[in-house]
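The values are calculated or read from the model by the stated rules, or taken from the named source; none is laboratory data. Everything quoted here is computed from the prediction, not taken from an experiment. Ideal geometry is used to build each Cβ from the backbone, glycine not excepted, and the neighbour counts take in all protein chains shown. The area values use the complete protein model at the heavy-atom level, side chains included, leaving out ligands, DNA and RNA. Shrake-Rupley method; radii C 1.70, N 1.55, O 1.52, S 1.80 Å.
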Amino acid sequence: MLILRLQTPDDTEFAYAKLEGHAASAEWQQGTWAQISKMKGNQAVVLLIPSADVLLTRTLLVTSNNRQLKQALPYALEENLVGEVEDQHFVWQAENDSLLAVAVIDRNRLKAWMQTLKQQKLRAKAILPDIFALPWVGTMPTVWQKDGQAWVRTGAYSGFSCPAISLPLLVDSLFEAEDQAPTIQLYTDQAADWQQRLTVISEPQPNRLLQSSLQAGMALNLLNGYQDESMSNFKRNWRRWKVAASLALFCAAVWGGIQGMDIWRMAQQVQAAEQQNLALFQEVFPAIKDIQPDAIRSRVKSELTLLERASSPETDKMSLLPYLTMVGKVFQQEQGLKVTEIRARDGRLSVVFETADLKAIERIGQGLTKLIGREVGVKSTQANNIVRGEVTLDAGGENT
């Protein structure tokens, strides 16, 4: 099995490992597409992509029916998504009767990674977030920190990546307040004071990939359930069924004309039922105004999902991670910027920073607005040629 770890679809040099036969581990090496072309043969290919491209989360859904899960899951996670629900690809794995581990990726981003392999005449057996390259031992988190970036694996199907400056806050959030001796397995290229608060076990082989670590996350293979136009049965079989489909459409048109009056009467009944549904909805949710009849079903699901999420500490704990990662990306583009405080409380993330460049305030606000998809303001004050700024992001959608 050949494992490739890329940072962007345009990478020409990257890390790779080759797990041969029943080997328990393999050493990471640096290579190019030319080298991969010579050794690929008929081997299965696994592509590891940046974890920042993938949302890993958990949600509670009480159903074992795959069709119902596929329909309900996007609404259950809608508040966590940056883009439109229809543009996302969802993969899930049941952890118990009602708790699901979920991976979400933008469809266009997944297509870009698949196109990279296609250009190299490779077909992936699996595409996974690169945190699944980290070892997973029992219930102990594994942390890698290198070149200002950090990767954290918190379970067989969970974890995240973030800028190294955010690591102290996020690692603390992995443990309960009553934990007397929080322990992590750590590989780092830079010692820091926050590591003294924990029991640290050094990662013994950071340059090796364990087959068991990779296999543990295979259930969240991003290719599971994926279909694009070239894979569609409709497109493949359209020519063969074109005449039959045309005849079926003609018959449907004739039937529609004959049944026109019945349809009109049914439409009147539907309209009356919609008015009754609107009246019932207003009784149950009096604070919601201007609801349309065709949106009642999805809005009720959304309100019920919000109530479930409000009672789920696991979901609340992870809801700020996408915003923190976005803040880190924007801050990394500014020279001389210093983060002085990070606060996360009651679903609200606040980051305080200092900079000598007044124009940085405007650039940061524009960058976050572009990433999040809604207006983000940055508060600022100036004293002694130093600008002090604060950006606050609310998981509920209100940003100041």
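Its Cα centre serving as origin, the chain has a Cβ charge dipole (Lys and Arg +1, Asp and Glu -1) of approximately 1740 debye.
List the pairs from Lys118/Lys146; Lys146/Lys338; Lys38/Lys118; Lys18/Lys40; Lys111/Lys146; Lys146/Lys359 whose alpha-carbon separation is above 21 Å, in the order I gave them. Going by Cα-Cα distance, Lys118/Lys146; Lys111/Lys146; Lys146/Lys359 fall outside the 21 Å limit. Neighbours of Ile386, meaning other residues whose beta-carbon lies under 11 angstrom from its beta-carbon, give a summed charge of 0 when Lys and Arg score +1 and Asp and Glu score -1. Which FRET efficiency value, to the nearest 0.05, do you get for Arg299 and Asp147 by plugging their Cβ-Cβ distance into 1/(1 + (r/R0)^6) with R0 = 45 Å? Computed FRET efficiency for Arg299 and Asp147: 0.50. With the highest mean first, a sort of the peptides 214-224, 200-210 on other beta-carbon atoms found within 10 angstrom per residue produces 214-224, 200-210. Between Lys370 and Asp179, the modelled label-to-label distance comes to 3.7 nm, taking each label 7 Å out from Cα in the direction of the beta carbon.
Across the range 348-358, coupling constants 3J(HN,Hα) worked out from phi with the 6.51/-1.76/1.60 Karplus curve, θ = phi - 60°, read 10, 10, 10, 10, 9, 8, 10, 7, 8, 9, 5 Hz, and Gly and Pro carry x.
Secondary structure note: in the range 136-235, about 60% of the DSSP beta bridges are antiparallel.
Here the Gaussian network model covers the chain, with springs between Cα atoms less than 10 Å apart; of Trp136, Trp194, Trp255, Trp255 fluctuates the most. Helical content alone sets the calculated 222 nm signal of the chain at -10500 deg cm²/dmol, taking -39,500 (n - 2.57) per DSSP H segment of four or more residues and averaging over every residue. Inter-label distance, Ala192 to Lys338: 1.7 nm, where each label sits 7 Å from its Cα along the C-beta direction. For Lys370, the aspartates and glutamates whose Cα comes closer than 13 Å to its Cα, not counting residues fewer than 8 places off in the same chain, are Glu362. Under 19 Å from a label point set 7 Å out along the Cα-to-Cβ vector of Asp172, the amide N atoms of the range 186-224 belong to 191-200. Using a probe of 1.4 Å, the accessible surface attributed to Asp179 totals some 70 Å² when neighbouring protein chains are kept in position.
Accessible area ranking (1.4 Å probe, heavy atoms, ligands and nucleic acids excluded), largest first, for Met261, Met1: Met261, Met1. Determine the distance separating the Cα centre of the range 252-277 from the Cα centre of the range 14-63; give it in Å without decimals. So the two Cα centres are separated by 54 Å. For the range 136-202, a Kirkwood radius taken over Cα pairs fed into Stokes-Einstein (20 °C, viscosity 1.002 mPa s) yields D = 178 µm²/s. Rounded to the nearest 5, the antiparallel percentage of DSSP beta bridges internal to the chain is 75%.
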